[in-house]
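Undergrad: Before we start, here is the structure in question, set down as structure tokens.
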Amino acid sequence: MTVRDLVAGDVIWVAPEATLRDAAEVMVSTEVGSVAVEVDGALEGIFTERDLLRAVAEGADLDIEPISTWMTEYPDSFHPEMDVEEAAEWMLATGFRHLPVVDGGTVVGIISIKDVLWAVTDEET
């Protein structure tokens, strides 16, 4: 199984100037744990629930602070043909829970460690 098999649905995009609250509302309404951050149609970063938690813990003003202050800029990504088990090992080694899947410069999805665990567990049963 490859990472491409785990990509489902549309990529949820937000602008870097979106506030922390804006991003949180988008993530809740779309039921995702991360959003891609876009500038001029290109992946500029990724903002995750862990980034939001860190911002809250550090006292950021949710209605003013832009996600660009808290996002991971130019995140690592997976190629769609990467083996799921290799992706699982990489995510465990780096501690990332969400990573974009990029094919030829185009973001085709974002996968989570939960997606990877389901795939690895399903392959074993």
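Throughout, read-outs are computed from the coordinates displayed, never taken from laboratory work. These figures come from a predicted structure and were not determined experimentally. Please note: Cβ atoms are built from the backbone with ideal geometry, for glycine as well, and neighbour counts cover all protein chains shown.
Undergrad: Rounded to the nearest 0.05, what FRET efficiency is calculated for Asp63 and Lys114 with R0 set to 41 Å and r the Cβ-Cβ distance? Provide the component values of the computation, followed by the final result.
TA: On the way: r = 30 Å, r/R0 = 0.72.
Once the sixth-power term is evaluated, E becomes 0.90.
Undergrad: Around Val7, under 11 Å between beta carbons, what's the net of Lys plus Arg minus Asp minus Glu among the other residues? Show your work: numbers first, answer last.
TA: Details: positive: Arg4; negative: Asp5, Asp10, Asp103, Asp115.
Taking every other residue near Val7 into account, the sum is -3.
Undergrad: So which GluC sites (Glu not before Pro) in the stretch 22-121 end up in coil per DSSP with only 16 or fewer other C-beta atoms within 10 Å?
TA: Glu31, Glu58, Glu81
Undergrad: Report the dimensions of the stretch 66-108 along its three principal axes from the alpha-carbon atoms, largest first, rounded to Å.
TA: 35, 25, 11
Undergrad: Something else about it: Can you show me the helix-derived [θ] at 222 nm for the chain, built from DSSP H runs with n ≥ 4 at -39,500 (n - 2.57) apiece and divided by the number of residues, rounded to the nearest 500. Walk me through the intermediate numbers first.
TA: On the way: 4 runs with 43 residues, N = 125.
Helices in the chain give a 222 nm mean residue ellipticity of -10500 deg cm²/dmol.
Undergrad: Points 7 angstrom from Cα along the Cβ direction at Arg54 and Tyr74: gap in nanometres?
TA: 1.8 nm
Undergrad: For each of Val84, Val120, count neighbouring Cβ atoms within 10 Å of the residue's Cβ, then give the residues from fewest to most.
TA: Val120, Val84
Undergrad: On to the next question. Beta carbons within 10 angstrom, averaged per residue: use that to sort the peptides 103-112, 60-69, highest first. If you can, show how the numbers build up before the last one.
TA: Details: 103-112: 17.0, 60-69: 14.5.
My ranking of the peptides, most packed first, is 103-112, 60-69.
Undergrad: Stokes-Einstein at 4 °C, 1.567 mPa s, Kirkwood radius from Cα pairs: D for the stretch 32-86 in µm² s⁻¹? Don't jump to the answer; show the numbers that get you there.
TA: Values: Rh = 12.7 Å.
Value of D from the Cα-based Kirkwood radius: 102 µm²/s.
Undergrad: Shifting gears a bit: Test of understanding: what is the full-extension gain from Asp83 to Asp122, defined as 0.36 nm times their sequence separation minus their Cα-Cα distance? Mind dumping the intermediate values first?
TA: Details: separation 39, 0.36 × 39 = 14.04 nm, distance 1.42 nm.
Roughly 12.6 nm would be gained on extension.
Undergrad: Here's another thing I want to ask about it. May I ask you to evaluate 6.51 cos²θ - 1.76 cosθ + 1.60, the Karplus curve with θ = phi - 60°, for each residue of the stretch 13-26 and list the ³J(HN,Hα) values in order in whole Hz, giving x for glycine and proline?
TA: So the Karplus estimates, Gly and Pro as x, are 10, 9, 7, x, 7, 4, 6, 4, 5, 4, 5, 4, 5, 5 Hz.
Undergrad: Give the Debye-formula value of log10 I(q)/I(0) at each listed q (0.09, 0.14, 0.17 Å⁻¹), with one equal scatterer per alpha carbon of the chain, two decimals each.
TA: So the normalised log intensities are -0.25, -0.59, -0.84.
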